[in-house]
Amino acid sequence: MVPMPGSLGGVGGAGRAVPLSLPKKIRGGTAAKAIRFLQTLLIPEGPKAGKPLRLAGFQKQFVRGALDTGNMVAVLSIGRGNAKTALSAGLALGALKGEWDGQPKREILFAARNRDQAKTAFNFLVGFVEGLPDDEQAKFIIRRGSRLEVEYTGNGGGLARCIAADGKSILGGAPTLAILDERAAWEREKGDLLENAILSGLGKRGGKALIISTSAPDDTNTFSKWMDEPPEGTYVQEHRPPFGLPADDLESLLIANPGAVEGIGASPDWLVAQARRAIARGGSALSTFRNLNRNERVSTEDRSVLVTVDEWLTAEVKPDDLPERAGPCVLGVDLGGSRSMSAAAFYWPVTGRLEAVGTFPSVPSLANRGAADGVSNRYVEMKERGELTVLGENTVPPGPWLVDVAKLVEGSSIVCIVGDRFRHAEFVEAMQKANLRVPFIWRGFGWKDGSEDIERFRRALFDGQVKTLPSLLLRSAFADAITLVDPAGNHKLAKARSLGRIDAAAAAVLAVAEGARRVARPQRAALAAVWG
């Protein structure tokens, strides 16, 4: 699974806030109290257990952004093992004790996908409590039965409790602090229900929410939307390296794991060693490492993907390394429907060069279409990069579109057009209007033709016979492209999600597969003339 285009470049740890139009108190007071309190705690577990907690720079940065009086929500995305859950548990303890919030009967929520995940945060909270002086520990009541709760009886009292992703369980609550742990891993419907229920109760007592997680697998995840489209009053801190780098690149590993150089979590040497093991193993091991340890938006599900991110990256080259437009050109086309994308892929099998372009109708606008498809401003960015065009009003007219597509490779010899057999009549009409007098080769997208085309495409890709410039259009299409497998092991192309756009991937598969067939055909030697 190729990452969604949000992964093209990472924030790299630069926190950003979307301001509220509200009067603000003096900045830094609450955060300074919180930082001082956190550094009085003892580390509850690990190699440094029993030693005083010392906050790293990125942790102080998050505390300042989270506790700014103008922010109601703080979002932290960082690689696994960088103590994000421990940090939030320490903040929960300070909030429970009223270190910077004096209102009585404070309510703190730890929310997670299930009870086991919530228990991890609960154990950190209990561990911090057990490191307090004995007289202070006596003010806490810890319940570990059917309910995971920590009650504080001093300074007006407070209750911290852990809940799983069932929004009905907290309706009517009024939390002063809510921690949504590993938000990217929550089930979509139940997770959104729980999140909405929590946020709706924050306003009753001026509460805050901390949403923390490693990166989600794609841009459509609710956690990704918090970072890509933060509402007013949201602080965002994302530690995600630029996309396209080798998994064992140390500099980018440290962007996703800033704690490594400050003694938190894994060491840089361990991260590099694990990256190389994942590269050697490939498949889901490498995808999982990129998602969890490099904090990239890469799906860890690879059983039925068309190609994985690292497989596709082998095809992307720099402009100086891109092969020439030499030899015959195969044009693969996926005609869109009334409101969908039409895509074309050009493949030169002699050199292995691949290019792709997509086109949408002008209504609705690319910005509105991106919002409806759950991909934010991706389509606008594609247009700015020259990979996506707009033609027609409500539909893309096939004839004029094919004319524009053919002009993109003027000077090259298009030897055939490959497309869907069920759109044959439309193709013939479009080719007549475009005055394209080349053979049309129809292919099915079912098990028979689809399985052959997918196998030929994969083989060409793996053998280094596909080279292209980094393309947001193609990355996005391959991110949504999966294969359905029948009992006989045949594959056919399908969408990973209903709103996915795999048109460019389908066109690329058609073009490359036909190019591979042409290269594989034996060349017939010309027969010498025989005179009778």
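The values are calculated or read from the model by the stated rules, or taken from the named source; none is laboratory data. Remember, it's a predicted structure, so these values are computed and weren't measured experimentally. Cβ sites come from the backbone with ideal geometry, for glycine too, and all protein chains shown count toward neighbours. With ligands, DNA and RNA removed, areas are computed over all heavy atoms of the protein, side chains included. Shrake-Rupley method; radii C 1.70, N 1.55, O 1.52, S 1.80 Å.
Annotations
- Nearest-ten-degree value, helix 57-66 long axis tilted from longest Cα axis of the chain: 80
- Highest average packing first - 211-219, 197-205, Cβ atoms within 10 Å: 211-219, 197-205
- Rolling a 1.4 Å probe over the protein chains gives TYR152 an accessible area of about 10 Å².
- Summarising the amide proton neighbourhood of GLY374: residues at separation of 5 or more, or on other chains, whose placed amide H is nearer than 5 Å comprise an empty set.
- Whole-Å distance, taken between Cα centres, linking region 257-308 and region 70-92: 21
- Computed [θ] at 222 nm, helices only, for the chain once each DSSP H run of length n ≥ 4 contributes -39500 (n - 2.57): -10500 deg cm²/dmol
- The mean sequence separation of alpha-carbon pairs under 8 Å and at least six residues apart, normalised by the residue count of the chain, gives a relative contact order of 16 percent.
- Note on region 112-168: Cα Rg divided by 2.2 N^0.38 Å, N the number of residues, gives 1.19.
- J(HN,Hα) series, region 97-114, from Karplus relation 6.51 cos²θ - 1.76 cosθ + 1.60, nearest Hz, glycine and proline x: 7, x, 5, 9, 9, x, 5, x, 6, 5, 10, 10, 10, 9, 10, 8, 5, 9
- Cα centroids of region 323-337 and region 433-481: 9 Å apart.
- Summed side-chain charge close to MET431 - residues other than MET431 whose Cβ falls under 13 Å, Lys, Arg +1, Asp, Glu -1: +1
- Helix 283-292 and the long axis of the chain differ in direction by around 40°, with both axes built from C-alpha atoms.
- Links that overshoot a 30 Å alpha carbon limit, given the list LYS84/LYS105; LYS318/LYS433; LYS119/LYS208; LYS51/LYS119; LYS407/LYS467: LYS318/LYS433
- Net charge over other residues, Cβ less than 13 angstrom from the Cβ of GLY399 (K, R count +1; D, E count -1): -2
- Hydrodynamic analysis of the chain uses the Kirkwood radius over alpha carbon pairs. Inserted into Stokes-Einstein at 10 °C and 1.306 mPa s, it gives a translational diffusion coefficient of 62 µm²/s.
- Under 5 Å, built H, 5+ apart or other chain: amide partners of ARG353: TRP348, LYS467
- Enclosing the Cα atoms of region 401-517 in their convex hull gives a volume equal to 129 cubic angstrom per residue.
- Eigen-decomposition of the gyration tensor built on the alpha-carbon atoms of region 263-405 gives equivalent ellipsoid semi-axes of 36, 22, 13 angstrom, largest listed first.
- Pairwise Cα distances in region 245-307 exceed 15 Å for 47 percent of all pairs.
- Region 92-236: proportion of alpha-carbon pairs further apart than 22 angstrom, %: 39
- Residue-wise HN-Hα couplings along region 149-164, as the Karplus relation 6.51 cos²θ - 1.76 cosθ + 1.60 with θ = phi - 60° gives them from phi, are 9, 10, 9, 10, 9, x, 6, x, x, x, 9, 10, 9, 9, 9, 9 Hz; Gly and Pro carry x.
- Angle of helix 447-462 to the longest C-alpha principal axis of the chain, folded into 0 to 90 degrees and rounded to 10: 80°.
- Near VAL418, the amide H atoms lying under 5 Å from its own belong to LEU331, GLY332, VAL333, ILE441; only residues 5 or more places off or on other chains count, and H is placed 1.01 Å from N.
- Alpha-carbon centroids, region 353-411 and region 143-158: separation in whole Å: 57
- Per residue, the accessible area of the chain comes to 44 Å² when a 1.4 Å probe rolls over the protein heavy atoms.
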